[in-house]
Amino acid sequence: MGGIFGVASKESCTFDLFYGIDYHSHLGTRRGGMAVIGPNGFNREIHNIENSPFRTKFEHDVPRMEGNIGIGCISDSEGQPLLIKSHLGSYAITTVGKINNTEELIQRAFRHEHAQFLEMSGGVVNTSELVSWLINEGSTIPEGIAHAQELIDGSMTLLVMTREGIYAARDRYGRTPLFIGAREGAHCISLEEFAYSNLEYHTVHELGPGEVDFVTPEAFQPMIAPRKEKKICSFLWVYYGYPTASYEGVGVEEMRYRNGANLARRDNVHPDIVAGVPDSGTAHAIGYANQSGCHFARPFVKYTPTWPRSFMPQTQTRRDLIARMKLIPVSTLVKDKSVLLIDDSLVRGTQVLGTLDQLHESGVREVHFRPACPPIMYGCKYLNFSRSKSELDMISRRTILQREGSEGSRPEVLAEYSNPDSERYEGMVEDIRKQLGFASLRYQRLDDMIDAIGLPECDLCTYCWNGKE
């Protein structure tokens, strides 16, 4: 996924920018970047953060990055922010999102005389560079942003920094959030609302879908009004969001408590202990334990001082290794016990096998597994949630293929497998349970998950579970 942060201040913005970006580290995977405008013009730094935290890579840059306006990012893809010089003037741009029609947009640009893009490893083009090309087709930056949003198939939230201020734009359907905070003499823009609370900013505005605002030290000015239709990513509450985060007025931690409670209401097992896979599974497990009356325990402790997040590396084998290495079992808690284990999701099924092995090595009697969301049926088209190169990487789709053959890819068949009240769904879940060796397996239902979020279903993106855009 990724996160973005910007500051426009009457005084130096550098330290606020540094710490605000750092508070998005839970969303990032590969690179971090900062850009400021100061007395000597633009100044930018980009570093690889795959195996080192953002803070350690940038703390030596901060003292020499003087400026009163700045933007930055934690990125799960290419390096950014980018510095652009065009007929609209000089600006810096940073983006969060995914473009599905990249090649179509590149060919569109090539139809203009002398268009070119820097080619990176693997022949790909930097997303922010492509977005900047689309923006430059406009006669003003706001017009260009609106033009880009109309052409992009996918999702694109972005910041464009000029010498006068920052243009903040939320993607057309609001799949990712964007907040504006204020304090005396300064405004900030942030994907995560909590990222600026310790910097003494308070929220003054949450951008709507497709909204574009211009932010200066003194104020923020709406440039393009928000659209009515909204599709914010449900996974922000289930998995991606930090426990202190809040989106559309719904807190992440509170949603996870409600979600776990909803899981418990439909369950019929009576384990000795209820546990969550750290970190994002823990709050769901607390909600389950509180509702069911079963004891909550921590059979795993997460060792975070040196191990990065398990989805950072590019290869699945290395992600699985890191997922195992960072979880240390507390054997005395699970020996001869029945454990109900809750994780945020069950995508490929590879990491949970390592977790299950650790529990069995610790002497657990049986493991009941409860993903906190429904079976994932489709790869994310909007936020790079999954790195899967094929939907057959997902254990649900592999299982459907085994059961149905080529018929399993038909939309009407997939719709039946997405229905928790159908026989096909029950058969798929039982096959997955047998493959992974759980005593029982029960996924969260989509209607119960939506109930835990508390927003209308029409305002939520649920594409990865039911294929509905």
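Report yes if some residue within segment 188-204 is among the polar types (S, T, N, Q), surrounded by 18 or more Cβ atoms within 10 Å (Cβ to Cβ), under 23 Å from the mean Cα position of the chain (by Cα) and closer than 19 Å to residue 17 by Cα; otherwise report no.
Kept after step one, since they are among the polar types (S, T, N, Q), are these residues of segment 188-204: 190, 197-198, 203.
This time we only want the ones that are surrounded by 18 or more Cβ atoms within 10 Å (Cβ to Cβ), so: 190.
Filter again for under 23 Å from the mean Cα position of the chain (by Cα), leaving 190.
Checking the rest, the ones that are also closer than 19 Å to residue 17 by Cα come to 190.
The answer is yes, given that some residue of segment 188-204 is among the polar types (S, T, N, Q), surrounded by 18 or more Cβ atoms within 10 Å (Cβ to Cβ), under 23 Å from the mean Cα position of the chain (by Cα) and closer than 19 Å to residue 17 by Cα.
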- Task: Considering only segment 410-469, state which residues are in contact (Cβ under 8 Å) with a residue 24 or more places away in the chain, among the small types (Gly, Ala, Ser) and over 27 Å from residue 176 (Cα atoms).
- Result: 427, 437, 439, 440
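Any idea which of 200, 193, 206 is without any contact (Cβ under 8 Å) to a residue 60 or more places away in the chain and more than 27 Å from residue 148 (Cα to Cα)? First the steps, then the outcome.
Details: 193 fails: more than 27 Å from residue 148 (Cα to Cα); 206 fails: more than 27 Å from residue 148 (Cα to Cα).
Being without any contact (Cβ under 8 Å) to a residue 60 or more places away in the chain and more than 27 Å from residue 148 (Cα to Cα) holds for just one of 200, 193, 206, which is 200.
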- Message: One residue is enough: does segment 262-271 have a residue meeting the conditions crowded, with 20+ Cβ neighbours inside 10 Å, at pLDDT 95 or above and not in a helix (DSSP H, G or I)?
- Response: yes
- Item | Filtered residue count, segment 41-74, keeping only those that are within 20 Å of the chain's Cα centre (by Cα) and either buried (at least 19 other Cβ atoms within 10 Å of the Cβ) or polar (S, T, N, Q) (or both) | 9
- Contact list, first residue from segment 1-20 and buried (at least 24 other Cβ atoms within 10 Å of the Cβ), second anywhere and in a helix (DSSP H, G or I) and of a type in the set (Gly, Ala, Ser), beta-carbon distance below 6 Å, six or more apart or interchain, is 5/20; 20/195
- Message: Between 427, 467, 437, 408, which is on the phi > 0 side of the Ramachandran plot and more than 28 Å from the chain's Cα centre (by Cα)?
- Response: 437
- Message: Take the conditions surrounded by fewer than 24 Cβ atoms within 10 Å (Cβ to Cβ) and in the same structural domain as residue 31 (by TED's automatic domain parsing) and apply them to residue 148. Does it pass?
- Response: no
- Message: Yes or no: segment 421-442 includes at least one residue that is at pLDDT 95 or above and in contact with a Lys or Arg (Cβ under 6 Å, 6 or more places away or on another chain).
- Response: yes
- Task: Answer yes or no as to whether residue 320 is of a type in the set (D, E, K, R), over 30 Å from residue 2 (Cα atoms), at pLDDT below 95 and not in a strand (DSSP E or B).
- Result: no
- Filtered residue count, segment 209-218, keeping only those that are closer than 19 Å to residue 141 by Cα and surrounded by fewer than 18 Cβ atoms within 10 Å (Cβ to Cβ): 1
- Those residues of segment 390-413 which are crowded, with 21+ Cβ neighbours inside 10 Å and in a helix (DSSP H, G or I) amount to 395, 396, 397, 399, 400
- Message: For segment 437-444, check the following and say yes or no: at least one residue is part of a helix (DSSP H, G or I) and assigned by TED's automatic domain parsing to the domain that holds residue 285.
- Response: no
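The values are calculated or read from the model by the stated rules, or taken from the named source; none is laboratory data. None of the values given here were measured: they were computed from a predicted structure. Virtual Cβ from ideal backbone geometry, glycine too; neighbours counted across all protein chains shown.
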